[in-house]
Every structure is written in structure tokens, then in C-alpha cells.
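The values are calculated or read from the model by the stated rules, or taken from the named source; none is laboratory data. If you're wondering where the values come from, they're calculated on a predicted model, not measured in any experiment. Cβ sites come from the backbone with ideal geometry, for glycine too, and all protein chains shown count toward neighbours. The area values use the complete protein model at the heavy-atom level, side chains included, leaving out ligands, DNA and RNA. Shrake-Rupley method; radii C 1.70, N 1.55, O 1.52, S 1.80 Å.
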Amino acid sequence: MSVPAFIDITEEDQAAELRAYLKSKGAEISEENSEGGLHVDLAQIIEACDVCLKEDDKDVESVMNSVVSLLLILEPDKQEALIESLCEKLVKFREGERPSLRLQLLSNLFHGMDKNTPVRYTVYCSLLKVASSCGAIQYIPTELDQVRKWISDWNLSTEKKHTLLRLLYDVLVDCKKSDTAAKVMVELLGSYTEDNASQARVDAHRCIVRALKDPNTFLFDHLLALKPVKFLEGELIHDLLTIFVSAKLASYVKFYQNNKDFIDSLAAMSSTMPRPASVKCSCILSVVRNITGGYRHACCLVSVFTEERFQLGLLHEQNMAKMRLLTFMGMAVENKEISFDTMQQELQIGADDVEAFVIDAVKTKMVYCKIDQTQRKVVVSHSTHRTFGKQQWQQLYDTLNTWKQNLNQVKNSLLSLSDT
């Protein structure tokens, strides 16, 4: 497949016109084509295209698409280095400026190439980086099934596969797509074997920290089965994960008291993805102000975007809040009625805080319950299990079997009525 370019001239003439255009914009490039052939011409044109990208006129996109169309007709062995060079320029050029143009050019290049061409890997990574820098990740395909297919189609090495998944994970986290990001990280860690699990030590550590921090994640037992996470057994981060998987608040408090420096070190963690300085607050403010219709509201949203977006450390106060909920979930599984006094003791909260805590717990949809103020208790209708092992499978089997028996009784009763 190639990008259609409706130009009734030869490739050599097209390259000459591109040279002349760049020369007219001040680029240090000869107007005469190289004797080395089209791929040499393109190498020099790509090297000089910075001046073109600086221009704001409407011809820039058509000129750059002309470069893309010439790239796509080259032999595959001559394409790779030139495509990598162009991608590098489009990613690094004044990050945040002209994002729609850069995304469009990369998209044209990506979709113009044969589906099985390995260098599409480079273009896709560049698309992710540009989209992340300008908050446009929603326009890039990030579905895990599609990414898996591309990894197979491009026949990527293990190292490139890990690099791609790691980049995708960082971009999704950066753009607040925590659910999708978690699936990508599990895919990344699941791709390691016992032989190379030690190489994923940093990824496993980051995965645990971000999962524990994520305000919408409450189930963690699946992480324990991942080989890179198993490799961390005996370390404090693994002990902390184990507490969040099945222990109570009191266990976390004891862990914190014994390992305060460790928890404080997690609070200082930051993202490996650089803050996209190119996304200027003034631009965000303008967009948000148009949407909200108010300056004060816009400023608040910009503050959230520029400050909270990049606080990825694990704070003790957040740990306490999540462990209270997890402890309550465990209590709700075992008891259909929980007194206020028990909640105050187990969750380490005051009497005045019980009602607010229950309301917040219900909002998570992990627990369904109601408050009985008269009898000072909480009545539980349903709670999600924190772990799902052999015991829970047996409980599910027994429940389904009971339903089956009850339905058979109803069926037999209806048959007996129809006979009469």
C-alpha cells in the first residue's frame, strides 16, 4: 500500500521540486539531485526539512506528504534508516507545536506501509510519543488485541516487544487510561519467563506501585502470579503487595511503622516519562476555558492537569484510605451485618466518620450495603472478594448448583400443574 500523490511528474523531478522548495525557505541544500539516487536525495531532504516544519503556511502538509509518498516507493532495505530519521525529527521537533501535522504525517506513513513491514514498529512508537505529548492518544489505536497482532505481524524481537509494551504503558498512564494501562503492564510482565524474569525487576516494581496507587484498582491477587513479581519475593515491595492482596489495615499500619523509610521512598517516585513541557498551560487554559465558560474553573482544571497528572508516588495517606476499603470489603464478605463499633476499631476511624466512609465505599461498587442508624450497624447485600482462589471457586460452584436444583424444582412444579 502507498499514499496516493496525484503528481504527474517523475520521482526525480518531485525530489528536485522538494529541494527547490526547501532551498527557498532557507535550507542548506542543493537544488540539484544527487547522483546517488532517490534514497540519497530523500536523506538530504529529510535532513533539511526542519525549515519546512517551521512554516505555518498551508503548503507544508502537502510538501511533507510528498516526502512520505517518495519514502513509500523505495526498496524496503533503503526505507528503514530514512523512516527512522524522519520519525525522529517529527517526534523531537518543538514538542507540542503543530501536533496535528506531525500526527497526520506519521499516520499517513504508518497506514501507507505494508502491514507486515517491521519498520512500522518505529512509526507506531513515534505516533505514541507525539500523541502523548499533546494529549491526543484517543486518536491512536491502543487496543491490546491489535497491538498483539502487530507484534506478531512485524516479527519483533523480544527486546522490541518489551520496549513497545513499556512505551504503550507509560503513554496510557500519562493520559489517565489506567485500566488499559494495567492490562498492558500485565501483558508485558506476562511475556517474561523464569530465565529472564530478573530483567523485569524495574517494570514489576513500577507495576505494583502504580496498581496500589490507582484509585480505581482494588484487586491485586493476579499480580502475584506474574513471574517478574514472583522474582521480588522477600523484598519489601512484594511484602507490601501481599498486604494489599489479603491482609487487614492493622497489618499495613504495622508494616509502615517498621518500614517508614521505604514507604517514604515510594512517595518520592516519579514517572520515567518526561513531563510534556510542550503542552503549554496557556493552550490548555484556552481550551478548558472555552469548554467550561469560566476562568476560575479552567484554572482549577489546569492545576489538576499540570500537578496531579505527574504525581505518581505512593503516599502513606492514600495507602491508609485504600487499606480501609479493602479491610471493609473483607469484613463484608464474612459478615452481612457490621456494627459501627467494629468498623471504628478495624478501620481506625472516628464515630463521626463511619457514614461518610460507607458512602465512599459504596461509590466504588466493590461493596453494596446500607446504613441502619437506629441499630448503629451496616447491612451488607454484596461485597467483592479480594482474592479468588479454590475456596471461592467452590463457593461459586455450590451457589450455581443450588440455583440449578431450585430451577429444577420450579420446572417440576410447573409440569405437575400442567398435568392437572
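Below are the figures for this structure:
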{"quantity": "Principal-axis tilt of helix 59-71 within the chain, Cα atoms, nearest 10 degrees", "calculated": "90"}
{"quantity": "The range 30-168 - charge dipole about Cα centre, Lys and Arg +1 at Cβ, Asp and Glu -1, debye rounded to 20", "calculated": "860"}
{"quantity": "Cα long-axis angle, helix 120-133 against the chain (0 to 90 degrees, to the nearest 10)", "calculated": "70"}
{"quantity": "Angle in degrees between helix 295-307 and the longest Cα principal axis of the chain, rounded to the nearest 10", "calculated": "90"}
{"quantity": "Solvent-accessible heavy-atom area per residue, rounded to whole Å², over the chain at 1.4 Å", "calculated": "55"}
{"quantity": "At R0 = 22 Å, FRET efficiency that the Cβ-Cβ distance of Q199 and S251 yields, to 0.05", "calculated": "0.10"}
{"quantity": "Helix-derived mean residue ellipticity, 222 nm - over the chain, DSSP H n ≥ 4, -39500 (n - 2.57), to 500", "calculated": "-20000 deg cm²/dmol"}
{"quantity": "Selected from L105, M323, I371, residue furthest toward positive end of dipole (the chain; charges at beta carbon)", "calculated": "I371"}
{"quantity": "Length gained when the stretch D214-Q138 is fully extended (0.36 nm per residue, less Cα-Cα span)", "calculated": "25.3 nm"}
{"quantity": "Selection from I46, L189, L167, by position along the positive dipole direction of the chain (Cβ)", "calculated": "L189"}
{"quantity": "Accessible carbon and sulfur surface of the chain relative to its total accessible area, %, 1.4 Å", "calculated": "51"}
{"quantity": "Sites S100 and V333 - FRET efficiency at Förster radius 56 Å, r taken between beta-carbons, to 0.05", "calculated": "0.65"}
